[in-house]
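Remarks on the structure that follows.
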Amino acid sequence: MASLQDQLLKAGLADKKKATAIRNEKHKQRKQQPKGAVQVNEAEQRVQQAREEKTERDRQLNQKRQAEAQKKAIQAQIRQLVGTNRLNRSHGETSYQFVHDKKIKKMYVDDMMADQLARGRLAIICVGGDYEIVAEGVARKIQERDAQAVVVLHERTKDDLGDDDPYAGYEIPDDLMW
């Protein structure tokens, strides 16, 4: 089996002068390198660099896909929470107005819901462009997952915290032993 150089010479694609010049150049390069030094192959370096770049691109793409999958999972959790805990507002006669995305929106609720919305016991959630009313505890869980989903959730005032508590009027002594 003849070398590639011999095959090119026989085919007439290269001439004898160029072949000897290339052979001499390679010989000079080998002689100039110090003993024990490894000859660096540029092609191998480029291949290695291309592999590293591809690995980095793949890692970034995988990270992006995982983030999108996590976002979809969070949205599904929010839809499930709202679907199971939303309040029926079909008997609403009172107009409740709120601001969402710099626009004033209107929702019809009953008087008790409007009062509880104002006190922070109920919240308005936006899921898929629809507005639903849920309890404060559910709204806090949704807020942990996605803060933009909660449209209206007023903070409760200090004196309003105890309306649901039947023992609100009873003070607990500091020296009480259980």
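A run of the chain free of exposed loop cleavage sites, with trypsin sites (Lys or Arg not before Pro) counted only in DSSP states other than H, G, I, E and B and at most 12 other beta carbons within 10 Å, reaches its longest extent at 103-178.
Each principal axis of the Cα atoms in the chain has its own extent, and those three values, largest first, are 106, 50, 30 angstrom. Rolling a 1.4 Å probe over the heavy atoms of the protein chains gives the chain an accessible area of 83 Å² per residue. Since only Gln49, Tyr167, Ile74 are under comparison, the one whose Cα sits farthest along the positive direction of the charge dipole of the chain, derived from C-beta charges on Lys, Arg, Asp and Glu, is Gln49. Computed with the Debye formula from one identical point scatterer per Cα of region 74-127, without solvent, the log10 of I(q)/I(0) at q = 0.24, 0.30 Å⁻¹ comes to -1.06, -1.20.
Anisotropy class assigned to region 1-90 is prolate, per the alpha carbon gyration tensor with a/c at or over the 1.5 cut-off and a/b larger than b/c.
The values are calculated or read from the model by the stated rules, or taken from the named source; none is laboratory data. All of these numbers come straight from a predicted model, not from anything done at the bench. A quick note on method: Cβ atoms are made from the backbone with ideal geometry, for glycine too, and the neighbour counts reach across all protein chains shown. Side chains are part of the model used for accessible areas, which takes the heavy atoms of the whole protein and leaves out ligands, DNA and RNA. Shrake-Rupley method; radii C 1.70, N 1.55, O 1.52, S 1.80 Å.
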